[in-house]
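**Q** Quick one: this structure, given as structure tokens, is what I'll be asking you about.
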Amino acid sequence: MSPMNFRKLADGRGEDARSRILRGIYEENQALGDFTGTLKKKSARGAAWQARQWISIGALLIALVGLATPVFVNRNGGETAAAVTAPTPQAKAVAPATAGEAAAEPPVAVTTAVPATPPAPTATTPRVRVANAREVAGLEILDDLPLSQMLDLGIRRIVVDAGHGGSDKGAVGKDGTMEKDVTLAIALKLRDQLKEQGIADIIMTRTDDSTVALHERVDLAKAAKADMFISIHVNSLPRSSKNVVETFYFGPSKDQRTLELADQENKGSKYGLSDFTEIVARLGKAMKLQESKKLAEAIQRDLYRSGRELDPDAIDTGVKRAPFVVLLGLDVPSVLAEVSCMSSEKAERYLNSEEDQGRIAAAIASGVMRYQNKGAVKNERE
Amino acid sequence: MKGNDESQEYQDSVQDNEQPQEEEQAQMKEKDKVLYVGIDLGTSRSAISSGNGNREWIESYVGWPKDFIAEKVLGKPVLFGNEALENRLSLDVCRPLDRGVIRKGIEGSEKAVKEIIRHLIEQVHPDSNCSINAVVGVPAESLNSNKLAIKDAVSGYVNSLMVVSEPFTIAYGADLLNHSLVIDIGAGTTDFCVMHGMIPSEDDQKTLFTAGDYIDEQLLNGLLQKFPGCKLNAYMARQFKEAHSFVGALDEPVVVELSVNGKLVRQDIKEEMRRACESIVPPMVETVIELVAKVEPEFQEKVKKNIVLGGGGSLIRGLSSYLENQLGEYGNYYVRCVSDPLFGGADGALKLAQDMPARYWESL
Ligand SMILES: Nc1ncnc2c1ncn2[C@@H]1O[C@H](COP(=O)(O)OP(=O)(O)O)[C@@H](O)[C@H]1O
Ligand SMILES: [Zn+2]
């Protein structure tokens with residue numbers, strides 16, 4: 001705006017229209033109330049980010065210090081993973097609250113976030129924490145991880161999901177054995193086994209023959225802030241009587257049989273397989289999938305071993321990816337085990353045996369424990 | 001989306017590091033830098049115009065995935081504009097400024113305004129260490145009852161903020177500060193604002209609810225009447241309108257594809273289109289006359305010659321001359337359209353922000 005224009009707009013009061021308007025707007029807005037308090041200030045803008053940075057730096061520090069002096073970790077926590085039952089605050093929630101302290105003393109922000117816990121019954125645990133803290137510190141998705149995972153406080157809370165139930169029978173065998181009954185029996189036994197292993201906090205998606213929607217199962221697991229999700233199913237092969245044992249984690253699949261299976265297990269959710277193409281591509285690099293894969297491998301190994309004992313002809317088709325809806329909503333290691341095949345007559349028989357159900361449950365439990373101890377094993381070798 | 005932004009930032013910083021010294025100096029200077037932005041918060045479209053040269057607009061729809069699966073499928077916790085519309089079956093969609101008013105108390109409405117503002121500001125990529133001074137143009141109707149709510153919604157994302165009424169920002173941007181009448185034809189409202197060298201008072205402004213959405217309704221009804229077995233909704237009517245709107249005479253037919261009794265048929269909907277578009281004109285004529293009559297007599301002729309149409313509705317073909325004709329009975333009127341209806345409001349708000357003396361910003 002040139003002075004010439006100003007003059008052109010000027011009125012008798014000696015103030016040009018433009019300045020008058022600008023002043024008018026200013027006054028009107030000032031009259032609207034003083035919002036300065038609620039307006040974001042420069043310092044506040046970067047706070048959350050800073051806190052995140054410090055937490056990751058802190059995690060790194062803990063990892064490094066922990067490598068040099070394992071005692072450090074013991075002093076600050078020293079709990080067994082299994083013994084801790086309190087839910088851990090999420091990294092996200094902690095970040096803004098501790099921003100100030102974090103800036104002053106980075107490592108404190110991290111250690112204070114670790115709840116005080118009973119002393120360690122096992123000696124290996126601190127090593128587990130160290131190994132995983134180091135692994136995790138470099139990951140991009142750090143801020144999306146629960147703090148419990150970032151510092152690997154271990155697996156405390158597991159959701160055990162008995163497939164199907166109520167009006168949803170699942171696969172049905174030649175003799176009328178229903179998948180929903182078998183999965184429930186195994187799930188209940190798995191709960192007991194895991195408790196025996198020291199994981200006290202087991203959440204069941206169902207404990208009786210009730211109908212539970214897939215999304216309810218996931219919602220439950222999310223709300224519980226579980227560290228792990230295990231879904232139990234029994235396969236059924238339409239064109240074969242083979243007894244296949246397989247464990248799945250979420251991911252894309254090109255295998256026709258796997259896709260058919262996923263479609264079968266996803267029944268009741270309103271999503272088709274095509275909906276998952278994009279998600280799968282996007283989640284491809286996320287750590288959850290890698291962790292889920294590790295968990296699936298651990299479980300599959302033990303599951304197949306026990307399957308062979310029950311049926312020498314059982315086939316190990318290994319760990320696979322499949323777009324199961326029930327595995328989708330969680331950011332913690334999640335797997336779906338098809339523990340056996342209802343379409344195999346031999347399998348249908350042993351699936352009805354309490355004892356054999358117990359063996360299958362034990363196999364899954366030992367897979368879980370092995371997954372959990374992997375970090376320690378790895379670290380000892382280094 | 002968030003991830004993309006971050007990787008973009010990361011790339012930027014990598015490039016910057018190639019000239020470390022310059023970068024440092026630039027950063028020192030940036031420290032106290034202020035970014036001015038103008039935001040046009042509309043019923044159907046919201047736009048931002050930023051002092052760093054970036055301009056963006058979105059449809060003012062905000063959608064939240066209905067459940068966790070939808071969220072995974074869509075890949076983001078909140079969607080905007082067309083993307084929200086396209087995925088509306090998986091979303092809880094909110095058009096927060098329906099009828100030009102932020103609906104306080106209505107679930108999601110305030111949250112949606114916040115999301116729109118945050119999204120728009122992200123779109124112009126403000127420097128992380130600069131402070132943001134924003135002028136937000138809101139539907140004229142919001143001025144009295146809802147300015148506070150909007151101010152509240154915006155305050156989290158900017159350092160300093162002023163809220164002004166929408167047709168006024170268009171007027172300011174087009175340098176129509178004196179002896180003019182600006183008509184902003186939006187989706188939910190048509191807003192009138194007489195400018196006479198100062199900030200408009202209540203008497204200088206008027207809002208009608210016959211605007212774009214009203215045309216859509218009229219068109220929909222007209223088409224359903226003419227083609228009873230026709231599958232149509234307001235969204236489709238709007239698409240037809242935006243492609244073929246006109247008033248007055250038109251030499252060509254208006255042919256669209258309609259699904260009648262399950263069959264796709266091509267139909268000429270020229271008459272229905274014309275009637276629907278012209279339906280907003282009579283109340284406009286009345287309001288123009290009413291507002292002009294209130295202007296001091298010696299300036300009335302000037303205002304009659306300085307009527308300017310803005311907003312998406314000003315894109316209706318033939319509207320300015322048609323309106324001029326209809327006003328002809330009442331005198332010598334001259335009506336024209338602003339040059340950039342899409343960004344007229346946002347650009348004007350930006351200009352306001354930049355012209356605003358620093359001392360005003362500081363003492364807010
Ligand atoms: N070519 C067009 N012809 C007629 N109406 C249009 C055209 N393009 C957009 N519109 C309408 O303009 C309205 C949106 O205008 P806009 O100024 O963005 O509104 P708001 O400020 O209320 O968000 C909508 O009703 C839209 O359908
Ligand atoms: Zn099943």
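**Q** Any residue at all in segment B:316-330 that's among the polar types (S, T, N, Q), within 15 Å of ligand 1 (Cβ to nearest atom) and farther than 25 Å from B:Arg275 by Cα?
**A** no
**Q** Looking only at segment B:327-336, decide whether some residue is part of a helix (DSSP H, G or I) and among the hydroxyl-bearing types (Ser, Thr, Tyr).
**A** Yes, that holds for at least one residue.
**Q** Next up: Being more than 15 Å from ligand 2 (Cβ to nearest atom) and in a loop (DSSP other than H, G, I, E, B): is that true of A:Lys222 here?
**A** It is false that A:Lys222 is more than 15 Å from ligand 2 (Cβ to nearest atom) and in a loop (DSSP other than H, G, I, E, B).
**Q** Here's another thing I want to ask about it. Do we find that B:Leu224 is within 12 Å of ligand 1 (Cβ to nearest atom) and over 21 Å from the mean Cα position of the chain (by Cα) in this structure?
**A** It is false that B:Leu224 is within 12 Å of ligand 1 (Cβ to nearest atom) and over 21 Å from the mean Cα position of the chain (by Cα).
**Q** Which of the residues belonging to segment B:209-235 are assigned to a helix (DSSP H, G or I) and surrounded by fewer than 19 Cβ atoms within 10 Å (Cβ to Cβ)?
**A** Within segment B:209-235, B:Glu217, B:Asn221, B:Leu224, B:Gln225, B:Lys226, B:Ala234, B:Tyr235 meet the criteria.
**Q** Every residue in segment B:181-204 that is farther than 15 Å from B:Thr287 by Cβ and not aliphatic (A, V, I, L, M), please. So that I can check it myself, show each step before the final result.
**A** Let us first name the residues in segment B:181-204 that are farther than 15 Å from B:Thr287 by Cβ, namely B:187-188, B:195-199, B:201.
Hits for segment B:181-204 are B:Gly188, B:His196, B:Gly197, B:Ser201.
**Q** In segment A:333-353, how many are part of a helix (DSSP H, G or I) and hydrophobic (A, V, I, L, M, F, W, C)?
**A** Filtering segment A:333-353 for residues part of a helix (DSSP H, G or I) gives A:345-351.
Of the ones still in play, those that are also hydrophobic (A, V, I, L, M, F, W, C) are A:347, A:351.
Residues flagged as part of a helix (DSSP H, G or I) and hydrophobic (A, V, I, L, M, F, W, C) within segment A:333-353 amount to 2.
Results for (1) under 26 Å from B:Ser321 (Cα atoms); (2) surrounded by 13 or more Cβ atoms within 10 Å (Cβ to Cβ); (3) within 16 Å of ligand 1 (Cβ to nearest atom); (4) within 14 Å of chain A (Cβ to nearest Cβ), shown as yes or no for each residue.
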residue	(1), (2), (3), (4)
B:Ala237	yes, yes, yes, no
B:Ala243	yes, no, yes, no
B:Phe246	yes, yes, yes, no
B:Glu252	yes, no, yes, no
B:Arg266	no, no, no, no
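**Q** Do any strands (runs of 3 or more DSSP E) lying entirely in segment B:247-324 carry at least 1 residues that are hydroxyl-bearing (Ser, Thr, Tyr), and which ones are they?
**A** Strands (runs of 3 or more DSSP E) meeting the threshold: B:255-260.
**Q** To continue, here is another question. Take the residues of segment A:203-222 that are surrounded by fewer than 18 Cβ atoms within 10 Å (Cβ to Cβ) and within 11 Å of chain B (Cβ to nearest Cβ): which is farthest from A:Gly165 (Cα to Cα)?
**A** Result: A:Lys222.
**Q** Checking B:Ser259 against (1) more than 16 Å from ligand 1 (Cβ to nearest atom); (2) of a type in the set (Ser, Thr, Tyr); (3) surrounded by fewer than 14 Cβ atoms within 10 Å (Cβ to Cβ), only one condition comes out false. Which one?
**A** All conditions pass for B:Ser259, except number (3).
**Q** Filter segment A:166-180 for residues that are at pLDDT 95 or above and crowded, with 21+ Cβ neighbours inside 10 Å; which is farthest from ligand 2 (Cβ to nearest atom)?
**A** A:Lys180
**Q** Any idea which of (1) at pLDDT 85 or above; (2) in a helix (DSSP H, G or I) is the one B:Val73 doesn't satisfy?
**A** (1)
**Q** Please tell me if A:Ala296 is at pLDDT 85 or above and either crowded, with 21+ Cβ neighbours inside 10 Å or more than 26 Å from the chain's Cα centre (by Cα) (or both).
**A** Here the answer is yes, as A:Ala296 does meet what is asked.
**Q** Could I ask something else about it? Out of everything in segment B:163-203 that is away from chain A (no Cβ under 12 Å) and in contact with a Cys (Cβ under 6 Å, 6 or more places away or on another chain), what residue ends up being nearest to ligand 2 (Cβ to nearest atom)?
**A** In this case the residue turns out to be B:Pro167.
**Q** Something else: So which of B:Val164, B:Val154, B:Val136, B:Val124 ends up being in contact with a Ser or Thr (Cβ under 8 Å, 6 or more places away or on another chain) and β-branched (Val, Ile, Thr)? Quick ask: steps written out before the conclusion?
**A** Working: B:Val164 fails: in contact with a Ser or Thr (Cβ under 8 Å, 6 or more places away or on another chain); B:Val154 fails: in contact with a Ser or Thr (Cβ under 8 Å, 6 or more places away or on another chain); B:Val136 fails: in contact with a Ser or Thr (Cβ under 8 Å, 6 or more places away or on another chain).
Testing whether each residue is in contact with a Ser or Thr (Cβ under 8 Å, 6 or more places away or on another chain) and β-branched (Val, Ile, Thr) leaves just B:Val124.
**Q** When the residues of segment A:205-241 are narrowed to those that are in contact (Cβ under 8 Å) with a residue 12 or more places away in the chain and acidic (Asp, Glu), which ends up nearest to ligand 1 (Cβ to nearest atom)?
**A** Filtering first and then ranking leaves A:Asp219.
**Q** Select from segment A:242-263 the residues that are within 17 Å of the chain's Cα centre (by Cα) and within 14 Å of chain B (Cβ to nearest Cβ) and write down the one among them that is farthest from ligand 1 (Cβ to nearest atom).
**A** Here the answer is A:Gly251.
**Q** In addition: Is it the case that A:Thr183 is touching a strand residue (DSSP E or B) at 6+ places or on another chain (Cβ under 6 Å), within 12 Å of ligand 2 (Cβ to nearest atom) and of a type in the set (Ser, Thr, Tyr)? Lay out the reasoning, then the answer.
**A** Numbers: touching a strand residue (DSSP E or B) at 6+ places or on another chain (Cβ under 6 Å): yes; within 12 Å of ligand 2 (Cβ to nearest atom): yes; of a type in the set (Ser, Thr, Tyr): yes.
Criteria met by A:Thr183.
**Q** Then there is this: For segment B:306-330, give me each residue that is surrounded by fewer than 16 Cβ atoms within 10 Å (Cβ to Cβ) and in contact with a helix residue (DSSP H, G or I) (Cβ under 6 Å, 6 or more places away or on another chain).
**A** If the condition is that a residue be surrounded by fewer than 16 Cβ atoms within 10 Å (Cβ to Cβ) and in contact with a helix residue (DSSP H, G or I) (Cβ under 6 Å, 6 or more places away or on another chain), then B:Tyr330 is the only one that fits.
**Q** Find the residue count for segment B:38-78, including only residues that are within 13 Å of ligand 1 (Cβ to nearest atom) and of a type in the set (Phe, Trp, Tyr).
**A** Here the count works out to 2.
The values are calculated or read from the model by the stated rules, or taken from the named source; none is laboratory data. Keep in mind the model is a prediction, meaning the values are calculated, not measured. Here Cβ is always computed from backbone atoms with ideal geometry, including for glycine, and neighbour counts include all displayed protein chains.
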